[in-house]
Each structure stands twice: as C-alpha cells, then as structure tokens.
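Peer 1: The structure's right below; bear with me while I get my questions together.
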Amino acid sequence: MLELRGADVFYGKAQALHEINFAIAKGGIAALIGRNGAGKSTLLRALAGGQALLHGTRWLDGENITSLPLHLCSRRGIALVPENRQIFPSLTAEENLRLPTTLHPPGYWTLQRVYGLFPRLAERRATNGTSLSGGEQQMLAIGRALLTNPRYLLLDEPTEGLAPVVVDAIIRAIGEINAQGAAIVLVEQNFKVPRQLAQAFHLIDSGRIVWSGGADAIDQAQSRMMIGH
C-alpha cells in the first residue's frame, strides 16, 4: 500500500495540501477529481517523492519513506507520469524507452511488451521526441514509466488534449497495466476515463480531500458536485 498520512505541502508560504490522508492498495485504481488548481497534481508528486512534506509522512508497504527522494522512490516501485510528459526531445522514442532499463532491474515490462501495448511506438521507434504527436508522446511517457516496472503508477492527465481514438487506446492500456498488477492513481479532467477504470474516487478542493467514495456512489456525487470545472 502507498500512503500519505497527515500530509501538508507548501509552496513558499502558500499551503497547497492540508492534512491529506490517502492510500492506494496493491492492484487498485483510484481517481483524484476536482477543479483545476485544487491540488491533484501536488498530491501525485507528494506520493511519488517529488514533493517535500512539511508535515506528515509517506509510507510504502508499511515502511516510512518520507525522507526518500524521487529517484529512490522510483527504485522502490513508484512511477510518476507527469502532465508535461518530460520526454527527451532530442532522443528517439526507443532511446527514451531504454533509459530506465539502465537504472532499474528487469521485470514483466520489457521493451517488446511496451511495443505490444503501444504498437504505434514500435512504428515510430526511430523518431525523435520533437517529431512525435501528442498522443505518441503520451504513449512514450507511459511506456518509459512501465520500463521501471512499477508497483504503483501515478498518471497526471494522461489523455489531456488527445483525439478520442487515442483516448480510447490510453484507456485500454491503463486497464491492461492494472491487470498485470500495478496499482494506479489517476488524475483526469475527462471524467469518462476514471469512470471506466477506477474503483475509488477522491474529490479534492482547495488542497483537501472533501469526499471519497466507490464507483457505486460517484454518479450521485457527480450530480451535486462541480467536477472538472
């Protein structure tokens, strides 16, 4: 289980997260929903080890990892795919994908399995990042994260700005990744995506989790809450 307990995060003097208690169990899919600027991306970074906590703790399978930096959290099995993707534009798609394999031990996800998940990447393997479409860049960012063989995959707006056919491909890929055992935390403004995938939903407003519920409760909650506005 990956957890935040009583987490407070500040940017300078501005508090971004307030006493966050959040957990994702092995094999689950949880969605963070809410307005832009509510704190969803900050929560993902805090889970991944890329955002320092002023107060509170971060736990991985019962171990306190609050002090571990991002790269060591990655080696423990936590992978973050940020909203801006952060691929290396001057490298080819395949060079981007091979980078994690030099720092992480082998596991289920191999280069060939990533190409099987995203056949378009196999076709574009020799193409530089700057020449890839937005959808191809997103596939590349997810594929690169998979090659760390994560147990917990954190996805920040994976379908933002993508064509519907690409969105459907990303949804199928997330389902397959989860079926192979990775727990997933998903931030998405396109509610179609978490509605098809997630078992648990957490509404964030002004840096606080103000509502949590399962898939059976989200339709009622959606009708009375401003989600994604």
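The values are calculated or read from the model by the stated rules, or taken from the named source; none is laboratory data. Keep in mind that what you see is a predicted model, and the values were worked out from it rather than measured. Positions of Cβ are backbone-derived with ideal geometry, glycine not excepted, and every protein chain shown enters the neighbour counts.
Peer 1: I need the full set of residues from region 17-47 which are modelled with pLDDT under 95 and either more than 14 Å from GLY207 (Cα to Cα) or aromatic (Phe, Trp, Tyr) (or both), in order please.
Peer 2: Result: ALA25, LYS26, GLY27.
Peer 1: Being within 22 Å of THR57 (Cβ to Cβ) and either of a type in the set (D, E, K, R) or under 17 Å from the mean Cα position of the chain (by Cα) (or both) is the filter here; which residues of region 13-37 pass it?
Peer 2: Going through region 13-37, the residues within 22 Å of THR57 (Cβ to Cβ) turn out to be 14-26, 28, 30, 32.
The answer is GLU19, PHE22, ALA23, ILE24, ALA25, LYS26, GLY28, ALA30, LEU32.
Peer 1: Something else about it: Would you confirm whether any residue within region 120-128 is in contact (Cβ under 8 Å) with a residue 60 or more places away in the chain and either touching a strand residue (DSSP E or B) at 6+ places or on another chain (Cβ under 6 Å) or of a type in the set (Asp, Glu) (or both)? Step through it out loud before you land on a result.
Peer 2: Quick first cut of region 120-128, residues in contact (Cβ under 8 Å) with a residue 60 or more places away in the chain only: none.
No: region 120-128 contains no residue that is in contact (Cβ under 8 Å) with a residue 60 or more places away in the chain and either touching a strand residue (DSSP E or B) at 6+ places or on another chain (Cβ under 6 Å) or of a type in the set (Asp, Glu) (or both).
Peer 1: Residues LEU80, LEU99: which one is out of contact with any Pro (no Cβ under 7 Å at 6 or more places or on another chain), more than 19 Å from ALA183 (Cα to Cα) and not β-branched (Val, Ile, Thr)?
Peer 2: One residue alone meets the criteria, LEU99.
Peer 1: Does any residue of region 48-68 turn out to be modelled with pLDDT under 95, part of a strand (DSSP E or B) and either β-branched (Val, Ile, Thr) or within 16 Å of ASP156 (Cβ to Cβ) (or both)?
Peer 2: No, region 48-68 contains no residue that is modelled with pLDDT under 95, part of a strand (DSSP E or B) and either β-branched (Val, Ile, Thr) or within 16 Å of ASP156 (Cβ to Cβ) (or both).
Peer 1: To continue, here is another question. May I ask you to list the residues in region 1-24 that are part of a strand (DSSP E or B) and not aliphatic (A, V, I, L, M)? Reasoning before the result, please.
Peer 2: Restricting attention to region 1-24, the residues satisfying the condition of being part of a strand (DSSP E or B) are 2-11, 14-24.
Those that are part of a strand (DSSP E or B) and not aliphatic (A, V, I, L, M): GLU3, ARG5, GLY6, ASP8, PHE10, TYR11, GLN15, HIS18, GLU19, ASN21, PHE22.
Peer 1: What strands (runs of 3 or more DSSP E) completely inside region 115-229 contain at least 2 residues that are among the aliphatic types (A, V, I, L, M) and within 13 Å of the chain's Cα centre (by Cα)? Don't jump to the end; show me each part of the working.
Peer 2: Values: elements: 152-156, 183-187, 200-205, 208-214.
Correct list: 152-156, 183-187.
Peer 1: State which residue is nearest to VAL187 (Cα to Cα) when the search covers only region 30-47 and only residues that are of a type in the set (A, V, I, L, M, F, W, C) and assigned to a helix (DSSP H, G or I).
Peer 2: Let us first name the residues in region 30-47 that are of a type in the set (A, V, I, L, M, F, W, C), namely 30-33, 38, 43-44, 46-47.
Next, only the ones that are assigned to a helix (DSSP H, G or I) stay: 43-44, 46-47.
Values: LEU43: 10, LEU44: 8, ALA46: 14, LEU47: 13 Å.
Checking each candidate, the answer is LEU44.
Peer 1: Can you tell me which residue is modelled with the lowest pLDDT among those in region 114-132 that are surrounded by fewer than 14 Cβ atoms within 10 Å (Cβ to Cβ) and not charged (D, E, K, R)?
Peer 2: Restricting attention to region 114-132, the residues satisfying the condition of being surrounded by fewer than 14 Cβ atoms within 10 Å (Cβ to Cβ) are 116, 119, 123, 126, 130-131.
From what is left, the residues that are not charged (D, E, K, R) are 116, 119, 126, 130-131.
Working: GLY116: 98, PRO119: 97, ALA126: 97, THR130: 89, SER131: 95.
Checking each candidate, the answer is THR130.
Peer 1: Condition (residue is at negative phi, surrounded by 15 or more Cβ atoms within 10 Å (Cβ to Cβ), modelled with pLDDT of 95 or more and not hydroxyl-bearing (Ser, Thr, Tyr)) applied to region 210-225: is it met by at least one residue?
Peer 2: Within region 210-225 (the criterion being at negative phi, surrounded by 15 or more Cβ atoms within 10 Å (Cβ to Cβ), modelled with pLDDT of 95 or more and not hydroxyl-bearing (Ser, Thr, Tyr)), the answer is no, since none of the residues qualifies.
Peer 1: Going by the structure shown, is GLY27 in a strand (DSSP E or B) and of a type outside the set (A, V, I, L, M, F, W, C)?
Peer 2: Values: in a strand (DSSP E or B): no; of a type outside the set (A, V, I, L, M, F, W, C): yes.
For GLY27, the condition - in a strand (DSSP E or B) and of a type outside the set (A, V, I, L, M, F, W, C) - is not met.
Peer 1: Okay, moving on. I need a count of the residues in region 69-110 that are in a loop (DSSP other than H, G, I, E, B) and either basic (Lys, Arg) or more than 18 Å from the chain's Cα centre (by Cα) (or both).
Peer 2: Our first condition is that a residue be in a loop (DSSP other than H, G, I, E, B); within region 69-110, this holds for 69, 76-77, 82-91, 103-110.
Restricting the remaining residues to those that are either basic (Lys, Arg) or more than 18 Å from the chain's Cα centre (by Cα) (or both) gives 76, 85, 88-91, 103-108, 110.
Number satisfying all stated conditions: 13.
Residue-wise test of (1) touching a strand residue (DSSP E or B) at 6+ places or on another chain (Cβ under 9 Å); (2) more than 30 Å from GLN196 (Cβ to Cβ).
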position: LEU32; (1), (2): yes, no
position: ASN36; (1), (2): no, no
position: LYS40; (1), (2): yes, no
position: LEU43; (1), (2): yes, no
position: ALA48; (1), (2): yes, no
position: ALA52; (1), (2): yes, yes
position: HIS55; (1), (2): yes, yes
position: ASP61; (1), (2): yes, no
position: THR66; (1), (2): yes, yes
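Peer 1: For residues in region 159-199 being without any contact (Cβ under 8 Å) to a residue 40 or more places away in the chain and among the polar types (S, T, N, Q), which is surrounded by the most Cβ atoms within 10 Å (Cβ to Cβ)?
Peer 2: Ranking the qualifying residues of region 159-199, first place goes to THR159.
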